[in-house]
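The values are calculated or read from the model by the stated rules, or taken from the named source; none is laboratory data. Just so it is clear, the structure is predicted and the values come from calculations on it, not from any experiment. Glycine gets a Cβ as well: all are built from the backbone with ideal geometry, and neighbour counts include every protein chain shown. Only protein heavy atoms, including side chains, enter the accessible area calculation; ligands, DNA and RNA are left aside. Shrake-Rupley method; radii C 1.70, N 1.55, O 1.52, S 1.80 Å.
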Amino acid sequence: MTVVEPDTTTAALADLYRQLHSDPELSFSEHQTAARIVASLAGTGCEITQNVGGTGVVAVLRNGDGPVVMLRADMDALPVAEDTGLPYASTKVVVDKDGKSLPVAHACGHDMHVAALVGAVGELSRRRANWAGTVLAVFQPGEELASGAQAMIDDGLFDRFPRPSIVLGQHVGPLPAGVIGHGQGPVMAATDSVQVTLFGRGGHGSQPENTIDPVLMAAATVMRLQGIVSREVASTEQAVVTVGRLQAGTKENIIPAVAELGINTRSYSAETRALLKAAIERIVTAEAAASNSPQPPRFDWNVSAPVLVSDPAATATTLAAFEREFGAARLMPLPPLSASEDVGVFGDFLGVPTVFWFWGGVAHEVVEEALSRGQLPPTNHSPEFAPVIEPTLTTGVQALTTAALTWLTSST
Ligand code: ZN
Ligand code: ZN
């Protein structure tokens, strides 16, 4: 019998990363990404299933009796025009369903997450004499829409595949390469988005008395929404309410019939999250009534992710393993981030702990150069964000492998 060695060596992984980086795909369109994952896992001994929750890939590595440990990587890119100057930078443009051209780039580093998880599965496959149990490697689509985790659960992720007793995940970010950043408890914010339509009555710009002006209604609403965080949220809580989209009208002498607001919130507790949602609906409805709107506003709550809690006890155990693997000097405590992630949906659904950490992808000289100008290096979602391949990739593989081995049965 010929034993096929998994092709997840450093050079092959770096190749995979460059391919993913130069061919990014938007949320729920990760077809080539999925195909590359499947090809890269050949020889690892995994049972592989595609099209879970859309374009998701699930790889199950069975190695005898023992715990089931889930490792998760997200796969999707963003509608951003890459400006990194890298030889493998994305120049990709796609046309969306409305016929609009969109640039696409891996500006959040999910290509690095995919390559690191492929590497960790390869590593665990090679080291299968050292552990027992089952590794459930989940490549999740649609994280940037905060709906891919739920889509995989709705498609039977935990009915069709072994149910894990812990969920492990990581995110690359603008820390020095090779450094692991960690928190415990709430590490990333809950987020909710609502698209609001305000209804007025259109007419000639010279005759406002014959109209109900949705532009004024929208302006008053935006101002009043700022009072939620400053007047309604306790000073001991943190929250953000951002109106990132405000659209109305086509021409200065036409009063339009409708105005639209896109509102996004961040919060760190269920109570504050509920308060923000209720306050937004109350204020928008009241401002519409104050403007004598002919019909109540429409609310379309379309993005939602819970607070990401890195279970304190399980995080402490995992960090102790990281300290043995990397040394304390490479670990860096972080405050809770105001960005959000839907990885917590998996553990919340099962009632099992999630452990989530961050790892650095910025070359040390780039960090120092930015700091010398009084700035920070480009962060996730910036056109200039791209992790340096090494030592980022190797560190990501090592961190996931170390964390997985912490929760599998040791057989050495
Ligand atoms: Zn992102
Ligand atoms: Zn991300």
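Determine the share of the range 190-305's accessible area contributed by carbon and sulfur atoms, expressed in whole percent, with a 1.4 angstrom probe.
Here carbon and sulfur together make up 53 percent of the probe-accessible area.
In the range 74-112, which trypsin sites (Lys or Arg not before Pro) fall in coil by DSSP and have 16 or fewer other Cβ atoms within 10 Å? Write out the running numbers ahead of the final one.
Working: sites: 92, 97, 100; in loops: 92, 97, 100.
For trypsin sites (Lys or Arg not before Pro) across the range 74-112 that sit outside H, G, I, E and B with at most 16 neighbouring Cβ atoms in 10 Å, the list reads 97, 100.
Can you tell which of 73, 45, 87 lies farthest toward the positive end of the dipole of the range 25-101, using +1 and -1 charges on the Cβ of basic and acidic side chains (Lys, Arg; Asp, Glu)?
Going by the charge dipole, the pick is 45.
Could you grab the relative contact order for the chain? Cα pairs under 8 Å, six or more apart, rounded to a whole percent.
Details: 949 pairs, mean separation 97.0, N = 412.
That works out to 24 percent.
Please identify, among 17, 268, 88, the residue showing maximal mean-square fluctuation in a Gaussian network model of the chain using a 10 angstrom Cα cutoff.
Looking only at 17, 268, 88, the largest GNM fluctuation is found for 88.
Given charges of +1 on the Cβ of Lys and Arg and -1 on the Cβ of Asp and Glu, with all other atoms neutral, how large is the dipole of the chain about its Cα centre, in debye to the nearest 20?
Values: 25 positive and 43 negative charges, 87 e Å.
Here the chain has a charge dipole of around 420 debye.
Specify the residue with the greatest mean-square fluctuation among 72, 373, 126, computed from a Gaussian network of the chain linking alpha-carbon atoms under 10 Å apart.
In this elastic network of the chain, the residue with the biggest mean-square fluctuation among 72, 373, 126 is 373.
Please identify, among 150, 19, 375, the residue showing maximal mean-square fluctuation in a Gaussian network model of the chain using a 10 angstrom Cα cutoff.
375
Just reorder 70, 223 by solvent-accessible area, largest first, 1.4 Å probe, all chains present. It would help to have the intermediate numbers written out before the result.
Working: 70 0, 223 140 Å².
Solvent-accessible surface, decreasing: 223, 70.
HN-Hα J couplings of the range 130-142 from phi, Karplus 6.51/-1.76/1.60, θ = phi - 60°, integer Hz, Gly and Pro as x?
Couplings: 8, 8, 9, x, 9, 9, 10, 8, 10, 9, 9, x, x Hz.
Can you tell me what share of the DSSP beta bridges in the chain is antiparallel? A percent to the nearest 5 is fine.
Details: 51 of 74 bridges.
DSSP beta bridges in the chain are roughly 70 percent antiparallel.
Could you grab the relative contact order for the range 190-305? Cα pairs under 8 Å, six or more apart, rounded to a whole percent. Could the numbers behind the result be given before it?
Details: 233 pairs, mean separation 51.7, N = 116.
In percent, rounded to a whole number, it is 45.
So what's the projected area for the chain, the Cα convex hull averaged over all directions, in nm²? Before the final figure, lay out the partial values.
Values: hull surface 92.3 nm².
Approximately 23.1 nm², given one-decimal rounding.
If you count only protein heavy atoms with a 1.4 Å probe, what accessible area per residue comes out for the chain, rounded to a whole Å²? Could you put the intermediate results ahead of the total?
Working: 17790 Å² over 412 residues.
Counting only protein heavy atoms, the per-residue value for the chain is 43 Å².
Please work out the ratio of the alpha-carbon Rg of the range 23-127 to 2.2 N^0.38 Å and round it to two decimals.
Values: Rg = 15.7 Å, N = 105, 2.2 N^0.38 = 12.9 Å.
That works out to 1.21 for the range 23-127.
Specify, per residue and in Å³, the volume enclosed by the convex hull of the alpha carbon atoms belonging to the range 52-106. It would help to have the intermediate numbers written out before the result.
Numbers: hull volume 6.7 nm³, N = 55.
In the range 52-106, the Cα hull volume divided by residue count equals 121 Å³.
Can you tell me which lysines have their Cα less than 23 Å from the Cα of residue 277? Leave out same-chain residues fewer than eight positions away.
Leaving aside lysines fewer than 8 places away in the same chain, none come within reach of residue 277.
Could you check how much of the accessible area of the range 1-132 is carbon and sulfur, as a whole percent, using a 1.4 Å probe? Intermediate results must be reported in sequence, preceding the final value.
Details: 2820 of 5460 Å².
Looking at the range 1-132 in its full context, I get 52 percent from C and S.
With +1 assigned to the C-beta of every Lys and Arg and -1 to the C-beta of every Asp and Glu, and no other charges, what is the dipole magnitude of the range 190-305 about the Cα centre in debye, to the nearest 20?
Values: 10 positive and 11 negative charges, 17 e Å.
Charge dipole, the range 190-305, about its Cα centre: 80 debye, nearest 20.
Using square roots of five times the C-alpha gyration tensor eigenvalues, list the equivalent-ellipsoid semi-axes of the range 85-196 in whole Å, biggest first.
Numbers: eigenvalues 163, 90, 61 Å².
The answer is 29, 21, 17 Å, longest axis first.
Which of the three applies to the range 308-371, rounded, prolate or oblate, going by the alpha-carbon gyration tensor with a ≥ b ≥ c and a/c under 1.5 meaning rounded?
Numbers: a/c = 3.06, a/b = 1.54, b/c = 1.99.
Oblate is the answer for the range 308-371, as a/c is 1.5 or above yet b/c matches or exceeds a/b.
Suppose accessible area is computed on protein heavy atoms with a 1.4 Å probe; arrange 311, 154 from highest to lowest.
154, 311
Taking the Cα centre of each part, how many Å lie between the range 180-194 and the range 66-137?
Centre-to-centre distance over Cα atoms comes out at 20 Å.
Using the 2.2 N^0.38 Å rule of thumb for compact globular proteins, work out how the range 190-305 stacks up: its C-alpha Rg over that value, please. Each step should come with its number before you reach the end.
Details: Rg = 15.0 Å, N = 116, 2.2 N^0.38 = 13.4 Å.
Cα-based Rg divided by the globular estimate yields 1.12.
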